[in-house]
Amino acid sequence: MTRRPSGAGGRPWILAETTWPTVRDGGCTLAVLPWGATEPHNLHLPYATDVYESEAIAAEAGRLAWERGCRTLVLPTVPFGVNAQQMDLRGTINMHPSTQAAVLADVVESLEGQGFDRLVVLNGHGGNDFRAMIRELQSATGVFLSTLDWFRIHGTQDMFGEAGDHAGEMETSLVLHLRPDLVHPLDEAGPGSGRSWKLTAMREGWAWAPRQWSRVTDDTGVGDPSGATAEKGRDCFDAVSRRIADYLFQLSRVDLDDLYE
């Protein structure tokens, strides 16, 4: 879990916890924006699973980078993602990509006017895709923009017998590590059986369309959570946070006018 430094006050790399003098005088030029979603996660995980995961990973990566001298500022997590195909599942909150683009542009505008020149969007929801937004926004800002999906980091899924696509072994393990108080007993979880496309091109991955989630799965999960453990979640959390911290450290040091070998 994320550790706090000794002494009064919050973690100085977490904007929501720190103070104006720390931000004013800290010399941060790199910001991280965690972005999650609010949607059901099988029968045993909370709606805010993607928020808890993204927030915790960003905070831990920020801590590790901070300890190496990288003055990173982790922004508050955006809790709503693209969920247009889950709107028939009560409690799901959808944010359209166009709305995300507007929110991102406002955040970038705010940061640029305050001297930040690098922003990482740390994504924790498979329905979010910030690449097209960044392509459009990059030409209008001097802030270097990048995005990463923590769950796509190389080797992450190999840490599990069956990682799953949504609320499976990987996500269940992470929440068992991060927020065990919010996980219902695994014998109450659904099997997470997902239906595949009948269209060959879709199954092979060279054609794509959004999935109507309630037609894909009966329990809102895709992936068997039965093999999940808090220990697996801890190992995944530590590995992912270290990899992202390495990226933040490199990004903080690189000359933005000399990015290519």
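The values are calculated or read from the model by the stated rules, or taken from the named source; none is laboratory data. All values reported here derive from a predicted model rather than from experimental measurement. Cβ placement follows ideal geometry from the backbone for every residue including glycine, while neighbour counts extend to all protein chains displayed.
A few points about this structure:
- Residue 111 being among the hydrophobic types (A, V, I, L, M, F, W, C), part of a strand (DSSP E or B) and touching a strand residue (DSSP E or B) at 6+ places or on another chain (Cβ under 6 Å): no
- Selection within segment 213-238 - under 20 Å from the mean Cα position of the chain (by Cα), of a type in the set (A, V, I, L, M) and surrounded by fewer than 21 Cβ atoms within 10 Å (Cβ to Cβ): 222, 230
- Restricted to segment 48-82, and to residues there that are touching a residue at least 60 places away in the same chain (Cβ under 8 Å) and part of a strand (DSSP E or B), the residue that is surrounded by the most Cβ atoms within 10 Å (Cβ to Cβ) is 74.
- Considering residues of segment 109-130 that are touching a residue at least 60 places away in the same chain (Cβ under 8 Å) and either small (Gly, Ala, Ser) or out of contact with any Leu (no Cβ under 9 Å at 6 or more places or on another chain) (or both) only, the residue nearest to residue 71 (Cα to Cα): 115
- Here residue 88 fulfils each of the conditions (1) of a type in the set (Asp, Glu); (2) part of a loop (DSSP other than H, G, I, E, B); (3) surrounded by 14 or more Cβ atoms within 10 Å (Cβ to Cβ) apart from (3).
- Selection from segment 5-47 of residues that are polar (S, T, N, Q), over 14 Å from the mean Cα position of the chain (by Cα) and not in a loop (DSSP other than H, G, I, E, B): 22
- Residue match in segment 178-188 (condition: without any contact (Cβ under 8 Å) to a residue 12 or more places away in the chain and surrounded by fewer than 13 Cβ atoms within 10 Å (Cβ to Cβ)): yes
- When 72, 99 are checked against the criterion of being among the hydroxyl-bearing types (Ser, Thr, Tyr), at pLDDT 95 or above and touching a strand residue (DSSP E or B) at 6+ places or on another chain (Cβ under 9 Å), a single residue qualifies: 72.
- Those residues of segment 138-152 which are within 16 Å of the chain's Cα centre (by Cα) and over 17 Å from residue 32 (Cα atoms), in sequence order: 152
- Single condition residue 214 does not satisfy, out of (1) in contact (Cβ under 8 Å) with a residue 60 or more places away in the chain; (2) farther than 17 Å from residue 38 by Cα: (2)
- All conditions but one from (1) out of contact with any Asp or Glu (no Cβ under 8 Å at 6 or more places or on another chain); (2) under 29 Å from residue 225 (Cα atoms) apply to residue 99; the one that does not is (2).
- All positions within segment 91-119 that are crowded, with 18+ Cβ neighbours inside 10 Å, in contact with a Phe, Trp or Tyr (Cβ under 6 Å, 6 or more places away or on another chain) and within 25 Å of residue 209 (Cα to Cα): 95
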